[in-house]
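Read through the structure below, which is laid out as structure tokens, and then see the notes.
Taken together, the values in this text are just the output of simple stated rules run on the coordinates, not laboratory data. The structure displayed is predicted, hence computed values, not measured ones.
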């Protein structure tokens, strides 16, 4: 069994959010997407 790296999990969470969030889909600034993006960037380090 392969365990996902923290960066992979954070990316999938961010991507899933942006694909379903009405604010993100409208092209507006979404605070949740910003936060998830920061978590993803930190996890990649």
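Using alpha carbons only, how many degrees (0 to 90, rounded to 10) separate the axis of helix 31-44 from the longest principal axis of the chain?
20 degrees
Expressed as an acute angle from 0 to 90° and rounded to the nearest 10, what is the orientation of the C-alpha long axis of helix 6-20 relative to the principal long axis of the chain?
Between helix and principal axis, roughly 20 degrees.
Using only helices, what value at 222 nm comes out for the chain when you add -39,500 (n - 2.57) per DSSP H run of length 4 or more and divide by the total residues, to the nearest 500 deg cm²/dmol?
-22000 deg cm²/dmol
Over the chain, what is the mean sequence separation of C-alpha contacts under 8 Å (at least six apart), divided by residue count, expressed as relative contact order in percent?
On the way: 26 pairs, mean separation 22.3, N = 45.
Here the relative contact order equals 49 percent.
First obtain the Kirkwood hydrodynamic radius of the chain from its Cα pairs, then insert it into the Stokes-Einstein equation at 25 °C and 0.890 mPa s, and state the resulting D in µm² per second as a whole number.
On the way: Rh = 10.9 Å.
For these conditions, the coefficient is 225 µm²/s.
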